[in-house]
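Take a look at the structure set out below.
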Amino acid sequence: MAEAIVELRGANIQQGGRNILENVDLRIAPGEFVYLVGKTGAGKSSLLKTLYAALPLGGGSATVAGFNLAKTGRKKIPQLRRKLGIVFQDFNLLMDRSVEENLRFALRATGWKKGTLAEQRIDEVLMAVGLADRRRSMPHTLSGGERQRIAFARALLNSPTLFIADEVTGNLDPDTSKNILELMRKLGKEHGTAVLFATHDYRLLDTFQARVVRCEGGRVFNAEG
Ligand SMILES: Nc1ncnc2c1ncn2[C@@H]1O[C@H](COP(=O)(O)OP(=O)(O)O)[C@@H](O)[C@H]1O
Ligand SMILES: [Mg+2]
C-alpha cells in the first residue's frame, strides 16, 4: 500500500484547548477523493486547520504529506503548506490585481523567481481550469464560479499532493457548485492529487460517488455515501 497522504490516529482536534473532535482516525491515500461532511459547527474547518497546521494537534498522531504534525515547528509550516492546495469559500483574490498578477504574487510568496518558468506555470494552471483567456482580467469582471476556478488555479501552482477544500461552493448557486465540485475531482484525477472536500451541503454528494467522512457529535465517522 502506498504511503498515505493523510494519516491521523487517535487525533484530538482542538479550539482554544477544548476538544472539538476526539480520537479521530483518518487515512487518505494518494489521489483519493473524500467528501468531509457535517452540520455547521460540527468541526470540519477545525479538522482541516489542524491538517494545514493552523491549529495545533491536541493529541494522538498525525502525518500530512510526509510531515509529522506533532514535530512540525513553525519554521517548517511553509514547507508543509507548499504540498497542499488550500481553497476556501471566499476566494481570497487580490481584487486590485489581475488574474496573472494574483498568480505571480502566489508564486513569488512560495519562492519562485520571476521569468519564463513562472509565466509558463501560470499558463498551465489557467489552462487546467479552463480560463487561459482570462489571464489579464480583473477579478471583479469574473463570475463567482470563475473566481473560484482562479483560486483552484492558484492552489495548483506548486503541484500539491492534497487539495483541502473548505466550503468552496458556499457562495455559489447549485449548478455552479456542481461544476466546481466536478472540476475539483477532475484536477485531482489529472494531477494525482488527493482531495478532501468539506461541505455542509449534503445535496452535493449526489454529484458523484466518493468516500464520505462525517463529523458529528465530536467524532469522525467513515460512512458510505
Ligand atoms: N476560533 C475559534 N475559537 C474557538 N472556538 C472555535 C473557533 N472556531 C470555531 N470554533 C468552534 O469549534 C466548533 C467547530 O467549528 P468549525 O470547525 O468551524 O465547524 P464547521 O466547519 O463544521 O462548521 C464550533 O463549536 C465552533 O464554535
Ligand atoms: Mg467550516
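Using beta carbons and a limit of 8 Å, which pairs, at least six apart or on different chains, have the first residue in segment 159-182 and in contact (Cβ under 8 Å) with a residue 24 or more places away in the chain and the second one away from ligand 2 (no atom under 16 Å from the Cβ) and among the basic types (Lys, Arg)?
Pro160/Arg82; Pro160/Lys83; Thr161/Lys83; Leu162/Lys83; Pro174/Arg203; Ile180/Arg149
What do you reckon, is Gly218 at pLDDT below 95 and either in contact with an Asp or Glu (Cβ under 6 Å, 6 or more places away or on another chain) or open to solvent by less than 80 Å² (accessible area, probe 1.4 Å) (or both)?
No.
Among the numbered conditions (1) away from ligand 1 (no atom under 12 Å from the Cβ); (2) closer than 17 Å to Arg211 by Cα; (3) within 13 Å of the chain's Cα centre (by Cα); (4) not charged (D, E, K, R), tell me where Leu36 comes up short.
(1)
Report, ordered by the first and then the second residue, all pairs with beta carbons closer than 9 Å, sequence separation of six or more or different chains, a first member in segment 69-80 that is under 18 Å from Gly59 (Cα atoms), and a second member that is assigned to a helix (DSSP H, G or I).
As it stands, the answer is Leu69/Thr50; Leu69/Leu51; Leu69/Leu80; Thr72/Gln79; Thr72/Leu80, since those pairs meet every condition given.
Any idea how many residues of segment 35-59 are touching a Gly at 6+ places or on another chain (Cβ under 8 Å), on the phi > 0 side of the Ramachandran plot and within 9 Å of ligand 2 (Cβ to nearest atom)?
1
Give me the residue from segment 138-156 that is open to solvent by less than 10 Å² (accessible area, probe 1.4 Å) and touching a strand residue (DSSP E or B) at 6+ places or on another chain (Cβ under 8 Å) and, out of that set, farthest from ligand 2 (Cβ to nearest atom).
Of everything passing the filter in segment 138-156, Leu156 is farthest from ligand 2 (Cβ to nearest atom).
Within segment 88-127, which residues are among the aromatic types (Phe, Trp, Tyr) and closer than 23 Å to Ala165 by Cβ?
Once the filter is applied, which keeps residues that are among the aromatic types (Phe, Trp, Tyr) and closer than 23 Å to Ala165 by Cβ, segment 88-127 yields Phe88, Phe91, Phe105.
Considering each of Thr199, Thr193 in turn, give the residue that is surrounded by 15 or more Cβ atoms within 10 Å (Cβ to Cβ) and either under 24 Å from Leu142 (Cα atoms) or free of Cβ contacts under 8 Å to residues at least 40 places away in the same chain (or both).
Thr199
Can you confirm whether Arg185 is open to solvent by 20 Å² or more (accessible area, probe 1.4 Å), farther than 19 Å from Asp90 by Cα, within 16 Å of ligand 2 (Cβ to nearest atom) and of a type outside the set (Ser, Thr, Tyr)?
no
Scanning for something within 16 Å of ligand 1 (Cβ to nearest atom) and surrounded by 14 or more Cβ atoms within 10 Å (Cβ to Cβ), does segment 66-78 turn up at least one residue?
no
The values are calculated or read from the model by the stated rules, or taken from the named source; none is laboratory data. All of these numbers come straight from a predicted model, not from anything done at the bench. As a convention, Cβ positions derive from the backbone with ideal geometry for all residues, glycine included, and neighbour counts pool all protein chains shown. Quick note on the areas: whole protein, heavy atoms, side chains included, nothing else; ligands and nucleic acids left out. Shrake-Rupley method; radii C 1.70, N 1.55, O 1.52, S 1.80 Å.
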